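Read the structure below first, then the notes.
The values are calculated or read from the model by the stated rules, or taken from the named source; none is laboratory data. As the structure is a computational prediction, the values presented were derived from the model and not from experiment. Don't worry about glycine lacking a Cβ; one is built from the backbone with ideal geometry, like all the others, and counts go over all protein chains shown. The area values use the complete protein model at the heavy-atom level, side chains included, leaving out ligands, DNA and RNA. Shrake-Rupley method; radii C 1.70, N 1.55, O 1.52, S 1.80 Å.
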Amino acid sequence: MTSTPSTIKSAQVEATASDRDRIASFISDLPVAAALFDADLRYLAASPAWLAGFDLSVETVFGLRHQDLDPDNGAVLTALQQSALGGEAAEGCANAAAADGACPERILRVSPWHGPDGSVIGVVAIARDAWLAAANESAPESVDALTGLPGRDAFIGQVRAALVAAEGARRGAAVFVVNLDNFRGINGLYGVRAGDNVLRTIGKRVRAGVRSRLLSSRLPRSEGDYVARLGADEFGILIGNPTPSAAAAESFAQRILKLIEEPIVVGDHRIRLTASVGFLITGAPHASEDEVLRDLHAALHDAKSRGPNNVQAWRPALTRTTGHRFTLLDQLRRALEDGEFAVHYQPILRLGDRRIVGAEALLRWNHPSDGLVSPAAFLPILEDSSLIVPVGCWVIREVVRQMRIWQMLYGRDIVEWVSINVSPRQFNDPGLLLSTLTEIERSGFSLDRLKIEITESAAMRNPNMTRSVLDELRELGVRVAIDDFGTGYSALGALRHYAVDTIKIDSGFTSRLETDDGSELVMALLRIAQAYGAEVVAEGIETAAQRDILEARGCGFGQGFLFAKPMDGSFFGAYALTHLVQNGGAH
Ligand code: C2E
Ligand code: MG
Ligand code: MG
């Protein structure tokens, strides 16, 4: 979908004072913490989550500046607002109010609000709890909002404490990891809300099971017991003093499985789930909490491979003895099975009107102990093995799932399309790639909302193969982009043979824009792209000056830290929606 400049203009001109009220009321209904300020930084609107997060009341904020209401955070917010008034989005940290007197950290993101003539007429701010952000990115540090249970970090801390406490003692602690079988199917079948309800119920059952120690006289209740949510569909249990024997721990795990198996009623549905459990009793082989978690997951992995509904105790043979470490490839294989991969999204904007038109999907690995890992650290290993093929298809399915969630949550498509990177290896072995896309199309998803990015150098490595796969992709309706354009040192004329919709100018060129050489080069690349009739996205835009030069030279679209860094799916949803509202229109 494209708008001509004149339709954009008229839509914007219609954004009058009454639109302002409409926007304000929209913000007030947003299910995320968001607020709108005028150019004088006075409140125009705030969502309930924003007000609650800063302990403000709706009656008192309007017409006032945040600084006057909340001096603790006022300075931080004002600095971010000033930057947004200057045309640049900015991010910072503040402290949220909490009923228990705690001050959880919140991430504030403030962006300019543009009026019909493109001038900045105010700012939009979004806040999210740092731990909520981290829940997607690495490890929650505080209580999990959905289940009310402590998160992964707290659990790791408890394991560490248990290891210290057990030093010199005869027996350590019993540690369990409980992972639901096929939980993702629940979200797909019944929707994310039902999925959330199921997780809440399971959390309660696990906690209740541990509290009562399932009425087992052999396992008296103890202060050392601990239950946490470790990941989307994963719970951790620690049973401290007195430590059960391995046999008692196993029968305890079996009873937890029985509790989980009980049907869960959500709306009109009775949902039945099973889970798999890995457990161990800490001892000599486990010097650190990392080793406990590693072995726990090895046991879980073993249970899953025998499951569903299976319990396995860790045994040394499950962990490779060579150096006591899984190889990175083993870890990556497990990461795919255990759902440790995640996709982050970076907005792509039309430079003319600064509207978000699309997003690039970027793979991340939520490493159990190292946190969020960038693709540079593991893509080469995925690509050296054939593992990139299933991981690549997982990314596509995950993006489609996320786009459906945005549509469900917001009742509209917040982006026209999402760009997905594919590796040359996926092109050399295109069967799974094409069958995944065909399957998605059959499920009723329009493939013109996906764009496949292939790097210029990969495209040139095997031109005939690339051409035939690109043709098949186009046949399916998928859009095609050439990534990192200009870095491949290819015979540019060869591009003529490919039907591509988009050319992405590599960030290396964007960063040299302000030099004479760099500027000439970009002009040349833009001319080539225009000759092919392709849209151009400039990557790596970090400064307003780069944006302005690109726009003046006719580059249609841009992406970069100036606008936003990649963010997880839920944050991107709120971000893009707020942007849509700011710009007063729908796609
Ligand atoms: P790419 O496709 O060229 O993606 C753009 C990269 O530039 C991303 O790095 C993004 O975070 C970064 N970036 C965006 N804006 C700026 C900016 O203003 N300044 C700077 N310095 N960097 C910016 P990331 O996420 O680390 O990804 C690196 C590369 O990994 C990607 O480069 C892409 O080639 C590859 N990749 C990412 N996800 C996937 C995937 O799912 N499959 C495959 N095969 N490759 C992927
Ligand atoms: Mg890319
Ligand atoms: Mg690129």
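If you average the C-alpha positions of region 277-312 and of region 436-467 separately, how far apart do those two centres end up, in angstrom?
Cα centroid to Cα centroid, the span is 39 Å.
Between Leu230 and residues 5 or more places away or on another chain, which pairs have amide H atoms under 5 Å apart, with H built 1.01 Å from N, and which residues are they?
Phe235, Gly236
Out of the trypsin sites (Lys or Arg not before Pro) in region 402-484, which ones are loop residues according to DSSP with at most 12 other C-beta atoms within 10 Å?
Arg412
Regarding the chain, what whole-number volume in Å³ per residue does the convex hull of its Cα atoms give?
174 Å³
Over the Cα atoms of region 326-582, what radius of gyration and what Dmax do you get, in Å?
Using the Cα atoms of region 326-582, the pair Rg, Dmax is 17.9, 52 Å.
What residues qualify as long-range amide H neighbours of Val373, i.e. H under 5 Å apart, gap of 5 or more or another chain, H built at 1.01 Å from N?
Residues meeting the amide H criterion: Trp365, Asn366, His367.
Angle check, please: helix 289-306 long axis (alpha carbons) against the longest principal axis of the chain (alpha carbons), in degrees 0 to 90, nearest 10.
The answer is roughly 90 degrees.
Need the full-extension length gain, Ala52 to Phe445, defined as separation in residues times 0.36 nm minus the C-alpha distance. One decimal, nm.
137.7 nm
Let's test the formula: R0 of 30 Å, r as the Cβ-Cβ distance of Asp516 and Ala544. What FRET efficiency results, to the nearest 0.05?
Calculated value: 0.90.
Got a sec to turn the phi values of region 328-333 into Karplus ³J(HN,Hα) couplings, 6.51 cos²θ - 1.76 cosθ + 1.60 with θ = phi - 60°, whole Hz, x for Gly and Pro?
My calculation for region 328-333 gives 4, 5, 4, 5, 5, 4 Hz in order.
Take Asp68 and Arg474, extend 7 Å from each Cα along the Cα→Cβ direction, and tell me the distance between the two endpoints in nm.
With each label point 7 Å from Cα toward Cβ, the separation is 6.1 nm.
Compute the longest continuous run of the chain that contains no exposed GluC sites (Glu not before Pro); treat a site as exposed when its DSSP state is not H, G, I, E or B and it has at most 10 other Cβ atoms within 10 Å.
224-587
In the chain, with Lys and Arg counted as +1 and Asp and Glu as -1 at Cβ, which of these residues, His579, Gly157, Asn309, has the Cα nearest the positive end of the dipole, that is, farthest along it?
So the residue we want is Asn309.
Grab the Cα-Cα distance for Glu337 and Met408, subtract it from 0.36 nm times how many residues apart they are, and report the gain in nm with one decimal.
22.9 nm
Compute the helix-to-body angle for 431-442: its Cα long axis versus the longest principal axis of the chain, expressed 0 to 90° and rounded to tens.
On a 0 to 90 degree scale, this one is about 80.
From largest accessible area down, sort Asp233, Asp429; use a 1.4 Å probe on the protein chains.
Order by accessible area, largest first: Asp429, Asp233.
How large is the dipole of the chain about the Cα centre if only Lys and Arg carry +1 and Asp and Glu carry -1, each at its Cβ, rounded to the nearest 20 debye?
Dipole about the Cα centre, nearest 20: 2020 debye.
Mind checking which aspartates and glutamates have their C-alpha under 20 Å from Lys258, skipping anything on the same chain fewer than 8 residues away?
Correct list for Lys258: Asp181, Asp225, Asp233, Glu234, Glu250, Asp302.
In terms of the Cα gyration tensor, with a ≥ b ≥ c the square roots of its eigenvalues, is region 139-314 rounded because a/c is under 1.5, prolate because a/b exceeds b/c, or oblate?
Because a/c hits 1.5 or more and a/b exceeds b/c, region 139-314 counts as prolate.
Applying 1/(1 + (r/R0)^6) with R0 = 51 Å to the Cβ-Cβ distance of Ser251 and Phe561, what FRET efficiency is obtained, to the nearest 0.05?
0.45
Report the extension gain between Glu261 and Asp38 in nm, rounded to one decimal, defined as 0.36 nm multiplied by the number of residues separating them, less their alpha carbon distance.
Once the chain is fully extended between Glu261 and Asp38, it gains 75.0 nm.
Counting only C-alpha contacts under 8 Å and six or more residues apart, can you give the relative contact order of the chain as a whole percent?
Reported as a whole number, the value is 10 percent.
Taking a cut-off of 26 Å between Cα atoms, list the lysines near Lys451, but don't count ones fewer than 8 places away on the same chain.
Lys504, Lys565
Taking the Cα atoms of region 414-490, report the difference between the largest and smallest coordinate on each principal axis, in whole Å and largest first.
Over region 414-490, Cα extents along the principal axes are 39, 28, 17 Å.
Under a 1.4 Å probe, what is the accessible area of the chain per residue, stated in Å²?
Each residue of the chain exposes 43 Å² on average to a 1.4 Å probe.
Nearest 10 degrees, 0 to 90: what angle lies between the long axis of helix 516-531 and the longest principal axis of the chain (Cα atoms)?
Rounded to the nearest ten degrees, it is 90.
For an R0 of 22 angstrom, estimate the FRET efficiency from the Cβ-Cβ distance between Leu432 and Thr487 and round to the nearest 0.05.
0.20
Binning at 10 angstrom from zero up to the longest distance, how are the C-alpha pair distances of region 341-482 distributed in percent?
11, 41, 35, 12, 1
Please list, ordered by chain and number, the residues whose modelled amide H lies under 5 Å from the amide H of Trp113; skip anything fewer than 5 residues away on the same chain.
Those qualifying (amide H under 5 Å, at least 5 residues apart or on another chain) are Ile121, Gly122, Val123, Val124.
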